[in-house]
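Encoded as structure tokens, the structure appears first; notes follow it.
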There are 2 protein chains.
Amino acid sequence: MKVKSSFGPQYKEFEIGDVIFLAKEKPLKLTSGAEIKNFPLAYQTYGTLNADKSNAILICHALTGDQYAASKHPITGKDGWWSFLIGPNKTIDTEKFFVISSNIIGGCMGSFGPKEIDPETNQPYGLSFPAITISDMVKAQNLLIEHFGIQKLHAVIGGSTGGMQALSWSILYPQKVKLIIPMATSYRHSPQNVAFHEVGRQAIMADPNWCEGKYFLEKKCPEKGLAVARMTAHITYLSEVALQKKFGRELQNKNDFSFNFDPDFQVESYLHHQGYSFVQRFDANSYLYITKAVDYFDLEKDFSGKLSNAFNNLSPEIKFCLISFSDDWLFPPSEAKKLTHALAACGVNVSSITIESTAGHDSFLIESNALKNTIKGFLNNQ
Amino acid sequence: MKVKSSFGPQYKEFEIGDVIFLAKEKPLKLTSGAEIKNFPLAYQTYGTLNADKSNAILICHALTGDQYAASKHPITGKDGWWSFLIGPNKTIDTEKFFVISSNIIGGCMGSFGPKEIDPETNQPYGLSFPAITISDMVKAQNLLIEHFGIQKLHAVIGGSTGGMQALSWSILYPQKVKLIIPMATSYRHSPQNVAFHEVGRQAIMADPNWCEGKYFLEKKCPEKGLAVARMTAHITYLSEVALQKKFGRELQNKNDFSFNFDPDFQVESYLHHQGYSFVQRFDANSYLYITKAVDYFDLEKDFSGKLSNAFNNLSPEIKFCLISFSDDWLFPPSEAKKLTHALAACGVNVSSITIESTAGHDSFLIESNALKNTIKGFLNNQ
């Protein structure tokens, strides 16, 4: 089923692509206790599912990512965020694998999210949308996998928030997946990361155009607040070295300081661009809900304060390949190391690799031989 | 002269303390080219100036600091931010030294700043206030020192933005100072730091109560925007380790997640408190002007791209004690190291010490024996 959706400051209609309605008979119970049924999940697939349905790979997207991992984005027109990884004869070879990439619930690209229409009121959910967690996102993905009749995924792969989903797959459905590749992620969201998220949420909710979450009804958009949230987050996605290398203290189209409050430095113009292009493709309420879901993610807390308890019930066949990036300060290699130790303590087969990087957290979105070779080797040598 | 001033969301009147009007005859030319005359500088002094006026120490405050280094703050009622360092028989001993602490120009505690009344219009300057730089702040301080008839300061001491002022003192007035103690600072503001400042400015300017800088006239205050700016900045003042130690992922007065957008974690409540207490004592336009001054600070650029050129004309008697803190990621020890090398390359007498810390950038505001002993030793063994 292909549907149209409308979105953003201009509320333009665009083609979402494939959407399926799930939990039609039995509602899905969320972590908060709320139940949802007959909810939409938007997805893209690449390649062909083989006869015994053993070649499926699930791709889990990051915080503000979407299902267009290897296809053009319907709003920006840009190539998919993992186009360099996914495709015929690429690292995740769609001649061989059937790749499924779904928009998380809480998102804004056609899946059940706060901008969707509540059939009971015929208005967007806004803040009447239920709170969601990473586990809830994974449970919705599982229903999609069931729809395809897949008994066991060859692999679940994801970076950052997508990595949290990959980890949760191994815990919630240990019999349903062979390989787990979490990258640039952690077993819990650190206090510093929670703090950055909260600043972003406060910026959105401080924008009077947010209208207590009802901006759709007012035909407004909390653009400024959402842009500030994105700018803050974007700094955390890069490293100091990356910013220094990319921009240094170069001025933007000028020879000297402006001595006013226009952007003087290239790094400022870049941030503005990041902030204001983001609001064209992302929903402010989705940002609130998804950041909260990520902040709640804490495998230690979920398992009585002991991380290794999380992995006690894993199937002996499951294998992990944990990837971290040397200059990622949002999810530093030290957290991947702790995860590796916890997995190893449970006797789980785990490979752990830290890739030397200079692009910070965003390194998982940037083409590199190290990243491609690591994934390719792990996927194909099993 | 003691004057009253009014300020903040409630526009309460309070006693500023000592204020002097400077550049009465000859205007002060700013870096931007603008000239200012008969402008106020608010200050506090501790101890007594000796007969030959050789025992004066100038304290330079940080971004959002003020002149109340060792006296109660007139709005918050809290002790001075360096009360643990300055006083009778303390590290900076006011039985021995005459300590001068002035509010920087651009500030909001009585010195020439955007909230002061423009005598030409009888309204607050707002954005008609001229752009200022770190050099301009130092030139204004120099006029205050001249007022006291001091030929040579025993020392100039400052942390963070105050450290930039201390460095600038050595460059602008090398004959007028014996000892320079810059701490938790750098020779230039890094691209990452510029980016964080720009996010803060955008948050303020996005607040409709900012009124294009004319909020005083409207009796409004861009509280939400300024609070978001402060929250963002505050994260950078601490370290990941500090946040983990102080708060971890502890919840605030609850046993489980709220599943709404109230603060769940202690770290969130703490940030809210920091943000909203800040707006009680600081002016939003001052924040814009001072952050811009800090972003402009770049001794490399000022000296043809070669840092050591900045220190070529230093008096041979001048001595530096550079202090950095091990877990300060805003002004990391690596930048102090680069400064040390540049000073040493010019044959300048420089001691450089990195103090092991767990409180991040804010370590220079936190009492520790290492900090006290370093300063005491340097001040008294000359």
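Readers should treat all values here as calculations from the given coordinates under stated rules, not as data from a laboratory. Because the structure is a prediction, the values reported are computed rather than measured. Note that we place each Cβ from the backbone using ideal geometry, even for glycine, and neighbour counts take in every protein chain shown.
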- Task: Set Lys and Arg Cβ to +1 and Asp and Glu Cβ to -1, take the dipole of segment A:234-382 about its Cα centre, and tell me which of A:Ser363, A:Asn255, A:Leu379 lies farthest positive.
- Result: A:Leu379
- Work out from phi, with θ = phi - 60° and the Karplus expression 6.51 cos²θ - 1.76 cosθ + 1.60, the ³J(HN,Hα) of each residue of segment A:14-21, listed in order in whole Hz, and give x for Gly and Pro. 8, 7, 6, x, 5, 9, 10, 9
- Using the beta-carbon distance between A:Asn380 and B:Tyr11 and R0 = 60 Å, what value does 1/(1 + (r/R0)^6) give for FRET efficiency, to the nearest 0.05? 0.30
- Task: Could you tell me which of rounded, prolate or oblate describes segment A:216-266, using a ≥ b ≥ c as the square roots of the eigenvalues of the alpha-carbon gyration tensor, with rounded for a/c under 1.5 and, failing that, prolate when a/b is larger than b/c and oblate otherwise?
- Result: oblate
- Debye, to nearest 20: dipole size of chain A, +1 on Lys, Arg Cβ, -1 on Asp, Glu Cβ: 740 debye
- Using the count of nearby Cβ atoms within 10 Å as a rough guide to exposure, how do A:Arg249, A:Arg230 rank from fewest to most? A:Arg249, A:Arg230
- Note on the structure: For chain A, averaging the sequence separation of alpha carbon pairs under 8 Å that lie six or more residues apart and dividing by its residue count, the contact order in percent is 17 percent
- Item | segment A:1-159, relative contact order [Cα under 8 Å, separation at least 6], % | 26 percent
- Task: When a/c is below 1.5 the answer is rounded, else prolate if a/b is larger than b/c, else oblate, so apply that to the protein assembly as shown with a ≥ b ≥ c taken from the square roots of the Cα gyration tensor eigenvalues.
- Result: prolate
- Item | Under-5 Å amide H pairs with A:Asn349, H placed in peptide plane, nonlocal only | A:Phe320
- Taking a label point 7 Å from the Cα of B:Thr48 along the Cα→Cβ vector, which residues of segment B:97-128 have an amide N closer than 13 Å to it? B:97-98
- Message: Nothing charged except the Cβ atoms of Lys and Arg (+1) and of Asp and Glu (-1): what's the magnitude of the dipole of segment A:193-291 about its Cα centre? Round to the nearest 20 debye.
- Response: 240 debye
- Message: About the Cα centre, and with charges only on the beta carbon of Lys, Arg (+1) and Asp, Glu (-1), how big is the dipole of the protein assembly as shown? Nearest 20 debye, please.
- Response: 540 debye
- Positive-end residue, the protein assembly as shown charge dipole about Cα centroid, Cβ charges, pick of A:Ile353, A:Gln123, A:Ile150: A:Ile353
- Item | Chain lengthening between A:Gln252 and A:Glu35 when straightened (0.36 nm per residue, less Cα-Cα) | 73.0 nm
- Query: Across segment B:82-94, in residue order, what do the Karplus-derived ³J(HN,Hα) couplings come to in whole Hz, using 6.51 cos²θ - 1.76 cosθ + 1.60 with θ = phi - 60° and x for Gly and Pro?
  - Reply: 10, 4, 6, 9, 10, x, x, 6, 8, 3, 9, 7, 7
- Note on the structure: If labels are modelled 7 Å from Cα along the Cβ direction, B:His341 lies from its partners in the other copies at nm distances, smallest first, of 3.4
- What is the antiparallel percent of DSSP beta bridges lying wholly in chain A, to the nearest 5? 45 percent
- Message: Under a crude label model (7 Å from the Cα following the beta-carbon direction), how far is A:Glu146 from B:Gln175 in nanometres?
- Response: 8.6 nm
- Could you go through segment A:123-132 in sequence order and give the Karplus-derived ³J(HN,Hα) for each residue, using 6.51 cos²θ - 1.76 cosθ + 1.60 with θ = phi - 60°, rounded to whole Hz, and x for Gly and Pro? 10, x, 4, x, 7, 7, 5, x, 4, 10
- Note on the structure: Computed over segment B:193-291, the relative contact order (Cα-Cα under 8 Å, seq sep at least six) in percent reads 29 percent
- Message: For B:Leu127, project a label point 7 Å along Cα to C-beta. Then give me every residue of segment A:205-242 with its amide nitrogen under 20 Å of that point.
- Response: A:207-209, A:223-228
- Order of B:Glu240, B:Glu198 under a 10 Å beta carbon neighbour criterion, fewest first: B:Glu240, B:Glu198
- For every helix of n ≥ 4 consecutive DSSP H residues, a contribution of -39,500 (n - 2.57) applies; sum these over chain B, divide by its total residues, and give [θ] at 222 nm rounded to the nearest 500 deg cm²/dmol. -10000 deg cm²/dmol
- Please give, to one decimal in nm, the separation of the simple spin-label points placed at A:Thr358 and B:Glu120, each 7 Å out from Cα toward the Cβ. 4.9 nm
- Message: I need the shape label for segment B:193-291. Rule: rounded when a/c is under 1.5, else prolate if a/b > b/c, else oblate, with a, b, c from the alpha carbon gyration tensor.
- Response: prolate
- Item | Placed amide H near B:Ala56: partners under 5 Å, 5+ positions off or other chain | B:Phe98, B:His154
- In peptide A:185-192, how many Cβ atoms from other protein chains are near each Cβ within 10 Å, on average? 5
- Task: Find every distance from the label point of A:Ser304 to the corresponding label point in the other copies (7 Å from Cα along Cα→Cβ) and write them in nm, one decimal, shortest first.
- Result: 7.1
- May I ask you to list the residues of segment B:95-139 whose amide nitrogen lies under 18 Å from a point 7 Å from Cα along the Cα→beta-carbon direction of B:Thr76? B:101-104, B:107-111
- Note on the structure: For the pair A:Lys372 and B:Lys214, the simple spin-label estimate (label points 7 Å beyond Cα toward Cβ) gives in nm 5.8 nm
- Against the globular-protein guess of 2.2 N^0.38 Å, express the Cα radius of gyration of chain A as a ratio, rounded to two decimals. 0.97
- Shortest-first distances to equivalent copies, position A:Asp256, nm, label 7 Å out along Cβ: 6.4
- Note on the structure: Projecting the Cα atoms of B:Ala184, B:Val138, B:Ala69 onto the charge dipole of the protein assembly as shown, where Lys and Arg contribute +1 and Asp and Glu -1 at Cβ, the residue farthest towards the positive end is B:Ala184
- Query: Sorted from fewest to most neighbouring beta carbons within 10 Å, what does the list A:Arg201, A:Arg281 look like?
  - Reply: A:Arg281, A:Arg201
